Structure formats: structure tokens, C-alpha cells
Amino acid sequence: MSAALTALKANRTKIWVGAVTLLLVFYLVVSLQRSVLLMSDPSLVAKAIGAAYLVLPVIGAWAMIRELLFGARTERLAKILEAEGGLPEDTLPRTPAGRIIREAADLEFEKYRAEAEAAPEDWRSWFRLSCAYDAAGDRKRARASMRDAVRMFRAGVQEP
């Protein structure tokens, strides 16, 4: 029982991602079914609404697949960096609520920014910069830096 609980805790994020993905797939299937029903109606207005409604599941499926691939690729890079001992250590001070203290994250960020500027073609430095952006609270730039790291890795496809 203890091993199962440990495995459950270790894979908590993956379980939630799976659950949310299943819910989204259910929604997309229902949306697709409703759009087909509307398009089979004899009314031109219903056909037009059905055709317009068909766009939602297509965009939803595209976004879901894109995000799942992004997550899988990010996890792959993290495992490679972990095996190399290159993951940044989480030593930043935190508030009693567990949030990272912003000033400390901003100081740590400068180190990773300088590393990425010194090695602009190294996906590892961009991965670490992404982690620093995330710790500093800038999620938009963190995702952009991680996309850059994934792109560089895929361009070189380097395995340890």
C-alpha cells in the first residue's frame, strides 16, 4: 500500500494532466457530434452554425496536442539535464506560504541570463533560463525560453 501511495504522489501531475486531457477529449467529441448534427439539419442557418461550431473541436484538439507535446519534450530535456547534473538547484528562500521571494529570484535570474547570453546556442542554458524566469514569476518568458531550448535540442538532437 505504501508503494502505491508513493507512486501516486510521484505521478500526481501526470494523473491530473491525464484527467484534464480526458475531459477535454470528451468535450471535443461532444462538440464534434453537435456540429455534425447541426450540419445535417435542413435549415441553412443550422448548417452554417454547425460548420462554424466545427472549428472549436479542431482548434481545441490542435491546442491540446501542442501542449502535450510541449510537456513531453520539456520533461525529456529535464531528465537529460538531471542525468548530467545540470538542473538548477532550488535553493531560493520562500515565504511561509511557500512562494519564492521575488528579490532573491531576480538576483538568481541574472546568473542564468548571463549564461544564456554567453552560450546562445546551448539548449541547456536556455532551459535553466526558463527555470529562472519561472521562479521570478514571468511565465510568458519562461515558456518562450523553454520553447527555444526545445527547438535547439531538436535541431541538434543530442543524447547523453
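Annotation: Ala116 fulfils all but one of (1) within 18 Å of Ala132 (Cα to Cα); (2) out of contact with any Phe, Trp or Tyr (no Cβ under 6 Å at 6 or more places or on another chain); (3) in the same structural domain as Cys131 (by TED's automatic domain parsing); the unmet one is (2). For the range 82-92, does any single residue satisfy the condition of being part of a helix (DSSP H, G or I), among the charged types (D, E, K, R), surrounded by fewer than 17 Cβ atoms within 10 Å (Cβ to Cβ) and at pLDDT below 95? Yes, the conditions are met somewhere in the range 82-92.
Of the residues Leu8, Leu22, Leu37, the single one that is surrounded by 12 or more Cβ atoms within 10 Å (Cβ to Cβ), assigned by TED's automatic domain parsing to the domain that holds Thr74 and assigned to a helix (DSSP H, G or I) is Leu37.
Screening the range 113-160 for residues that are buried (at least 19 other Cβ atoms within 10 Å of the Cβ) and within 17 Å of Pro93 (Cβ to Cβ) and picking the one that is nearest to the chain's Cα centre (by Cα) gives Cys131. Just a yes or no: is a residue in the range 93-107 without any contact (Cβ under 8 Å) to a residue 24 or more places away in the chain, under 29 Å from Leu24 (Cα atoms) and assigned to a helix (DSSP H, G or I)? No, that holds for no residue.
The values are calculated or read from the model by the stated rules, or taken from the named source; none is laboratory data. It should be emphasised that the depicted structure is a prediction, and the values quoted were computed from it without experimental measurement. Note that each Cβ is placed from the backbone with ideal geometry, even for glycine, and that neighbours are counted across all protein chains shown.
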